[in-house]
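Note sheet for the following structure.
The values are calculated or read from the model by the stated rules, or taken from the named source; none is laboratory data. Remember, predicted model here, so these are calculated numbers, not experimental data. Cβ placement follows ideal geometry from the backbone for every residue including glycine, while neighbour counts extend to all protein chains displayed. Heavy atoms of the whole protein, side chains included, go into the accessibility calculation; ligands, DNA and RNA do not. Shrake-Rupley method; radii C 1.70, N 1.55, O 1.52, S 1.80 Å.
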Amino acid sequence: MPIPYSLALYVGGEVLDMISQSGPVAKSVLFILLAFSILSWAIIVSKWNLMRRARTQSGRFVRAFRKAQRLGDMQAVEEQFRPSPLVGVFHNGYEEARRQAAAGGAPNIPALQRAMQIAASEEVTRFERSLPWLAITAAVTPFIGLFGTVWGIIDAFHGLGTAGAATLRAVAPGISEALITTAAGLVVAIPAVVGYNQLTARLREFAARMDDFGRELLNAIENAAMMTPPPPQNTEEIRRRTF
């Protein structure tokens, strides 16, 4: 058996033994930290998979958008590229452009920009959902673990005073058991900090890509409007303007 594996088994057995011998307050703290850890890891894994798929689909969507001959072709297949946030930006921009085209006249650029900004804000909100929980976990769990340690040290010194044996051998087991909660708090907080920073960096990248795609979509809408022939005018309207 390799030495690192046997050492890990030994350390794990010692930790489990100290946890089993800890008091009810320490066990309650460890249970709370375990719940925080499970929830934070579930958020990290789910968000990471979502953003990975969104990144892949965004690349496919941009390539298809640049190859499309008409914007209507992309509108027909946009749902295939979910969960890319660019789909929402395209959908709002295209629908606004179609409403303006039905009303007649040149494209209203500020209105198109507002429609796409609304979609981008909705997509960012969708990706940000549950991310604040990681920040809460990173900020709170070290203090929860510290509370368990302080309580364990108080309990250890109280037992020392009751026993009347002021020796290191008498107080060391209680203090070592109390320090487990601080270590557990750090074990829960560190992945939450790393996951939160990585996911927010990915989110900023998506926000920048949505801004860039919005500008590209505006160019496509303006080009399509210039290539579209103007609608024929009513002869009665021409006569009224002439006379």
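Considering only protein heavy atoms, with the full assembly of protein chains and a 1.4 angstrom probe, order VAL62, VAL87 by accessible area, largest first. It would help to have the intermediate numbers written out before the result.
Values: VAL62 20, VAL87 0 Å².
Highest to lowest solvent-accessible surface, that is VAL62, VAL87.
Computed FRET efficiency, Cβ-Cβ of GLU79 and LEU179, R0 51 Å: what is it to the nearest 0.05? Once rounded, the FRET efficiency stands at 0.45.
Each residue, ALA208 and ILE136, gets one label point 7 Å from its Cα in the Cβ direction; the gap between the two is 3.1 nm.
Expressed in nm to one decimal, what extension gain is obtained for the pair LEU146 and ILE118 from 0.36 nm per residue of sequence separation less their Cα-Cα distance?
Values: separation 28, 0.36 × 28 = 10.08 nm, distance 4.34 nm.
Between LEU146 and ILE118, full extension yields 5.7 nm more.
Computed from backbone phi, the HN-Hα couplings of region 123-131 come to 5, 5, 4, 5, 6, 7, 4, 6, 5 Hz, rounded to whole numbers (Karplus: 6.51 cos²θ - 1.76 cosθ + 1.60, θ = phi - 60°; Gly and Pro given as x).
Between the listed residues PHE31, ALA76, GLY88, the Cα displaced farthest toward the positive end of the dipole of region 23-143, a dipole computed from Cβ unit charges relative to the Cα centre, is found at ALA76. Length gained on full extension, ARG55 to ALA224: 58.1 nm, using 0.36 nm per residue less the C-alpha separation. Legend: residues ARG126, ARG99, sorted from most to least accessible area (1.4 Å probe; ligands, DNA and RNA excluded), read ARG99, ARG126. Accessible area per residue was computed with a 1.4 Å probe on protein heavy atoms; TRP133 scores about 80 Å².
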